[in-house]
1. Counting only residues that are touching a residue at least 40 places away in the same chain (Cβ under 8 Å) and in a strand (DSSP E or B), which one in the stretch 152-168 is surrounded by the fewest Cβ atoms within 10 Å (Cβ to Cβ)?
2. Please find, within the stretch 198-227, the residue that is surrounded by the fewest Cβ atoms within 10 Å (Cβ to Cβ) out of those that are under 17 Å from the mean Cα position of the chain (by Cα) and under 20 Å from GLY114 (Cβ atoms).
3. Could you list, in sequence order, the residues of the stretch 44-85 that are surrounded by 13 or more Cβ atoms within 10 Å (Cβ to Cβ), over 25 Å from ASN159 (Cβ atoms) and modelled with pLDDT under 85?
Amino acid sequence: MSCDPKDDATSAARAAGRQLRDVSDYPEFCANWRPTTTAVLENRAYGSVRHRVVLAPDGAPLYDFPHIIEPGGAALLPYTREGRVALLRVDRPALLKRSPTGPYPDFLVPSDYGRLVWEAPRGYRNLDEDTCSTALREFFEETGLVAQRLEPVGSVAANSALLATPIDLYVGMVDPNSIPVEDTKEGIREVKFFSLAGIRELIDSGELICSITLALLFAAITRGNLK
């Protein structure tokens, strides 16, 4: 199959056997989303999906791609004094159970979607709070626990080709004897403490694939919080 960088989105979609459809064709799937002059879709609670066209020096379109602008947020990796970390087992309906292996799309809906994965607590920032407050609030809402000695450890671009907004990262100490309470309305099935060996097992088994959580674990290991 040839690859012509000057193909626009319409011809690329046609070559792949797809049709470009207007989102208004699917109103039942797009509640609260609305088209704007600058965005393909927009929802004030979650952000907007926009298109940008990259042009060659002569003005010819090279490629057209979507990107997502989110409100911004924070993620928190809770750790204990003994060097264990707490993760949430979360139901993620958007995740594919397997990777596409043929011409897109070669997976079914909805049978190929939905996975349970382990992740660090995280969430979007409210307009009236900084990301440190976001991290503390989301952690408490999702587990019922309170983190102490919160420390910023940088930011991560979870998908720099698609997501325009980085996520601020924090680590915070928690009491290992605290009993977490899962926030089931958020799809959280379990909260559990792991050692470094347990984290390795989750990665090897494919149960831990979240790039934000992996970035937090890297920060915790380099800082000596995880043993």
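The values are calculated or read from the model by the stated rules, or taken from the named source; none is laboratory data. Note that the coordinates shown come from a computational prediction; the quantities given were computed from them, not determined experimentally. Backbone-built Cβ (ideal geometry, glycine too); neighbour counts: all protein chains shown.
1. Going residue by residue through the stretch 152-168, those that are touching a residue at least 40 places away in the same chain (Cβ under 8 Å) are 153-154, 156, 158-159, 161-168.
Within this subset, residues satisfying the condition of being in a strand (DSSP E or B) are 153-154, 156, 163, 167-168.
Details: VAL153: 20, GLY154: 13, VAL156: 20, LEU163: 16, ILE167: 26, ASP168: 21.
Checked the stretch 152-168; the qualifying residue surrounded by the fewest Cβ atoms within 10 Å (Cβ to Cβ) is GLY154.
2. Here the residue is GLY206.
3. Within the stretch 44-85, no residue meets the criteria.
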